[in-house]
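Visitor: Structure below; questions to follow.
The values are calculated or read from the model by the stated rules, or taken from the named source; none is laboratory data. None of these values were measured; they are calculated from a predicted model. With ideal geometry, Cβ positions are generated from the backbone for all residues, glycine too; neighbour counts draw on all protein chains shown. Side chains are part of the model used for accessible areas, which takes the heavy atoms of the whole protein and leaves out ligands, DNA and RNA. Shrake-Rupley method; radii C 1.70, N 1.55, O 1.52, S 1.80 Å.
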Amino acid sequence: MIGAVLGLQFGDEGKGKISDFLSDKFQVEVRFNGGANAGHTVVANGEKYKFRLVPSGSLRCETVILGNGMVIDPLALIVEINNLMSSKCRAKIKISKLAHVVTPMHKELDKKEEEVRSKLSLGTTAQGIGPTYEDKYARSGIRMTDLQNLEILREKIEIIYRMKLNLLSGTEFSDAATRERIAQDLHRAGKELEPFLEYTESTIYDLYKQGKNILFEGAQGTMLDIDFGMYPFVTSSNALAGALSLGAGFPFRKVDYVIGVVKAYMSKVGAGPFPTEIHGEQADKLREFGDEYGTVTRRPRRVGWLDLPMLKYSIRMNDVDAIALTRLDTLGEMDKIRICTSYKKNGKELNYIPRSFQELEELELTFMEVESWGKLDPEILKKHDYHLLPQKMKDYIRIIENELRVPVEVLSLGEGRENTIVTQGSRLNSL
Ligand code: GDP
Ligand code: IMO
Ligand code: MG
């Protein structure tokens, strides 16, 4: 089976947890977008792992691949690979020669651009993501394959520096010796990473031909997509299912099964519109119950109620086959639970998700309230039986399925790999 796991909200839905959970069914996992802005948490056998660049299935997969659509900080990647090697991971790691390279200059530019944006700053993760994609599309980017060639590295670093002079002058990068040091560091990293570098679009196709189950792991989420998210408060890459074709070089028509990961409520880091956001005491409670602080930045995440109109859109845009619903345990700790059921303007229901500042300000939301199921009984959790779950939780799931017309096939009831249930009818059971 060829599958994809994608976030349907503002990121941090629990994609890492679901990808790891599925890694005993898929022998290969592939990342195709973003870079170290992603923070994918896996809790397995009592240990916590945080993946930034390497796919979250790395603990159990045979092969994991970092696709061409990614932007990779080679130094951060070496640290991540070394950490992984020192744990029990035995996965073969392959990195696309065509992926773009994040340099310290790009991280500096990320901060400088945020300063210029001022009131419109997005609160990026400061990982150099935006500036690296800018250089990719300006055709002055550095690719992983360039790391082998010191002369090319020097030339490209000079080009990037000269193109971005207005932001970089007066920084440490205006010193030629600093730029030479970056070239040397990257070249050294390139030597270390050389055994992993391949044209991974061919590798993936070969694995497909061998009949391996392959899972594509999206980073970020639909509402952070550069085209369809809440622009400009988005990341600099596409996060939709279709992005895997371009970001991994694998034809989307061959994908059998798209799993949309949905957090049972919502969270968001960084600035920008968040229609169902909760403020005040309720928000503080939910944030504390869920320890909602960014994996990468530890920034407090903004929290909100489940947004069905937004999810309908995400499901359509990604052609989602099944939902993995996470954090049901966390939501159950709230006394009362709300769900946004429609978006309205002047009392009239909208059949689209507004993306202009003006329209978003005028948006009216309709909510329904449902009863909470309370804290989960650990004894029931251990039994992994859907039927034993609290009826009120099952009612919440039923509302979601009825409204979205997509089955919830994976239920996540805790951060650990073991706290996960696959429903009886799921195609995952046949793998
Ligand atoms: P990702 O970016 O989509 O992979 O999500 P993150 O890892 O950034 O954030 C999700 C957080 O929720 C992590 O701390 C996970 O360990 C945690 N998590 C995922 N699913 C569940 C769940 O069902 N219950 C609880 N309590 N935590 C979960
Ligand atoms: P995962 O894969 C949550 C947000 C940032 C910021 C905006 C732009 O863990 O779900 P960037 O550094 O990409 O230029 O930041 O996008 N953002 C994320 N929010 N989860 C993520 O990834 C994110 N990746 C980027 O907070 O608002
Ligand atoms: Mg995350």
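Visitor: Restricting attention to segment 262-307, report how many residues are away from ligand 1 (no atom under 16 Å from the Cβ) and not in a loop (DSSP other than H, G, I, E, B).
Guide: Residues flagged as away from ligand 1 (no atom under 16 Å from the Cβ) and not in a loop (DSSP other than H, G, I, E, B) within segment 262-307 amount to 7.
Visitor: Still on this model: Restricting the search to segment 253-271, which residues are of a type outside the set (Val, Ile, Thr) and modelled with pLDDT of 95 or more?
Guide: Across segment 253-271, the qualifying residues are ARG253, LYS254, ASP256, TYR257, GLY260, LYS263, ALA264, TYR265, MET266, SER267, LYS268.
Visitor: Please go through segment 133-153 and give me each residue that is crowded, with 18+ Cβ neighbours inside 10 Å and among the aliphatic types (A, V, I, L, M), ordered by number.
Guide: Scanning segment 133-153 gives ILE142, MET144, LEU147, LEU153.
Visitor: Now for a separate question. Can you tell me which residues in segment 8-62 are over 11 Å from the mean Cα position of the chain (by Cα), within 26 Å of LYS107 (Cα to Cα) and open to solvent by 10 Å² or more (accessible area, probe 1.4 Å)?
Guide: TYR49, LYS50
Visitor: Further, regarding this structure: Taking segment 5-52, which residues are more than 9 Å from ligand 2 (Cβ to nearest atom), of a type in the set (D, E, K, R) and in contact with a strand residue (DSSP E or B) (Cβ under 7 Å, 6 or more places away or on another chain)?
Guide: Across segment 5-52, the qualifying residues are LYS17, ASP20, GLU29, ARG31, LYS48, LYS50.
Visitor: Given the conditions (1) open to solvent by less than 30 Å² (accessible area, probe 1.4 Å); (2) in a strand (DSSP E or B), which single one is not true for LEU428?
Guide: Looking at each condition in turn, LEU428 falls short on (2).
Visitor: Right, here's the next one. When you scan segment 188-205, do you find a residue that is buried (at least 23 other Cβ atoms within 10 Å of the Cβ) and within 11 Å of ligand 2 (Cβ to nearest atom), even just one?
Guide: No - not one qualifying residue is present in segment 188-205.
Visitor: While we're on this one: Please tell me if GLY242 is out of contact with any Ser or Thr (no Cβ under 9 Å at 6 or more places or on another chain), open to solvent by less than 50 Å² (accessible area, probe 1.4 Å), within 12 Å of ligand 2 (Cβ to nearest atom) and within 19 Å of ASN68 (Cα to Cα).
Guide: No: the conditions fail for GLY242.
Visitor: Related question: Identify all residues within segment 310-323 that are buried (at least 23 other Cβ atoms within 10 Å of the Cβ) and in a loop (DSSP other than H, G, I, E, B); write none if there are none.
Guide: Of everything in segment 310-323, just one residue is buried (at least 23 other Cβ atoms within 10 Å of the Cβ) and in a loop (DSSP other than H, G, I, E, B), namely VAL320.
For every residue, the table says whether it meets (1) among the small types (Gly, Ala, Ser); (2) surrounded by 12 or more Cβ atoms within 10 Å (Cβ to Cβ); (3) in contact with a helix residue (DSSP H, G or I) (Cβ under 9 Å, 6 or more places away or on another chain); (4) part of a helix (DSSP H, G or I).
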| position | (1), (2), (3), (4) |
| --- | --- |
| LEU325 | no, yes, yes, no |
| LEU331 | no, yes, yes, yes |
| CYS340 | no, yes, yes, no |
| TYR352 | no, no, yes, no |
| LEU360 | no, yes, no, yes |
| MET368 | no, yes, yes, no |
| TRP373 | no, yes, yes, no |
| LEU381 | no, yes, yes, yes |
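Visitor: Conditions: (1) in contact (Cβ under 8 Å) with a residue 60 or more places away in the chain; (2) assigned to a helix (DSSP H, G or I). ASN83 meets all but one. Number of the miss?
Guide: It is condition (1) that ASN83 fails.
Visitor: What are the pairs with Cβ atoms under 7 angstrom where one residue, in segment 9-37, is of a type in the set (D, E, K, R) and at pLDDT 95 or above and the other, located anywhere, is part of a strand (DSSP E or B) and within 10 Å of ligand 3 (Cβ to nearest atom)? Sequence gap at least six, or different chains.
Guide: ASP12/SER267; GLU13/GLY7; LYS15/GLY7; LYS15/HIS40; LYS17/THR41
Visitor: Hey, does segment 242-253 have a residue that's within 16 Å of ligand 3 (Cβ to nearest atom), touching a helix residue (DSSP H, G or I) at 6+ places or on another chain (Cβ under 8 Å) and not β-branched (Val, Ile, Thr)?
Guide: no
Visitor: Taking the stated definitions as given, is ARG298 open to solvent by 40 Å² or more (accessible area, probe 1.4 Å) and within 16 Å of ligand 2 (Cβ to nearest atom)?
Guide: yes
Visitor: Restricting to segment 1-32, count the residues that are small (Gly, Ala, Ser), closer than 23 Å to TYR313 by Cα and away from ligand 3 (no atom under 14 Å from the Cβ).
Guide: Residues flagged as small (Gly, Ala, Ser), closer than 23 Å to TYR313 by Cα and away from ligand 3 (no atom under 14 Å from the Cβ) within segment 1-32 amount to 2.
Visitor: Can you find a residue that is more than 15 Å from MET144 (Cα to Cα), crowded, with 24+ Cβ neighbours inside 10 Å, of a type outside the set (Lys, Arg) and away from ligand 3 (no atom under 16 Å from the Cβ) anywhere in segment 67-90?
Guide: Within segment 67-90 (the criterion being more than 15 Å from MET144 (Cα to Cα), crowded, with 24+ Cβ neighbours inside 10 Å, of a type outside the set (Lys, Arg) and away from ligand 3 (no atom under 16 Å from the Cβ)), the answer is no, since none of the residues qualifies.
Visitor: Here is a check on your reading of the model: is ASP307 in the same structural domain as PHE26 (by TED's automatic domain parsing), among the acidic types (Asp, Glu) and open to solvent by 40 Å² or more (accessible area, probe 1.4 Å)?
Guide: No, not satisfied.
Visitor: For the condition more than 30 Å from LEU98 (Cα to Cα), in contact (Cβ under 8 Å) with a residue 24 or more places away in the chain and more than 16 Å from ligand 2 (Cβ to nearest atom), what is the one hit in TYR265, TYR313, TYR257?
Guide: Going through TYR265, TYR313, TYR257 in turn, just one is more than 30 Å from LEU98 (Cα to Cα), in contact (Cβ under 8 Å) with a residue 24 or more places away in the chain and more than 16 Å from ligand 2 (Cβ to nearest atom): TYR313.
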